[in-house]
Ligand SMILES: [Zn+2]
């Protein structure tokens with residue numbers, strides 16, 4: 001194997017995860033990663049890289065819950081101490097806020113997971 005072949009086979013993890021988090025193909029960074037909200041395309045429409053090997057499973061959901069809960073809990077406490085809003089106001093604002101933030105973060109984290117799996121050649125990405 002030549003040096004150029006080794007270099008061409010390298011898959012930078014950070015770059016692949018960033019491309020995935022931007023909802024783009026981890027290989028080329030151009031093609032759309034998802035065909036719908038969380039449905040990963042079988043192959044990249046731009047470069048043809050097979051993406052059906054991904055097995056993100058519950059990882060993005062766990063990460064989303066972890067981040068949203070750790071953001072919402074101190075903000076909820078601080079806003080209650082500072083302004084003492086009504087319970088219904090707190091429920092509406094934080095209920096909607098956590099739902100919207102979770103819906104925004106979920107595809108970003110899933111794209112990052114797919115990029116990580118692609119870069120590390122997991123679940124058939126290396127074949
Ligand atoms: Zn691609």
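FYI, it's all coordinate maths here, none of it is from the lab. The model shown is predicted, which means the values in this text are computed figures rather than measured ones. Note that we place each Cβ from the backbone using ideal geometry, even for glycine, and neighbour counts take in every protein chain shown.
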_Fully extended contour minus Cα-Cα distance, from residue 30 to residue 11, at 0.36 nm per residue_ = 5.3 nm
*For the chain, calculate the relative contact order in percent as a whole number, restricting contacts to Cα pairs under 8 Å that are 6 or more residues apart.*
39 percent
*Once you sort the root eigenvalues of the Cα gyration tensor of the chain as a ≥ b ≥ c, which label holds: rounded (a/c under 1.5), prolate (a/b larger than b/c) or oblate (the other case)?*
prolate
*How far, in degrees from 0 to 90, does helix 87-119 lean away from the longest principal axis of the Cα atoms of the chain, to the nearest 10?*
10 degrees
*Sorted by Cβ neighbour density within 10 Å, fewest at the top, the residues 9, 127, 49*: 127, 9, 49
*Cα long-axis angle, helix 59-83 against the chain (0 to 90 degrees, to the nearest 10)*: 30 degrees
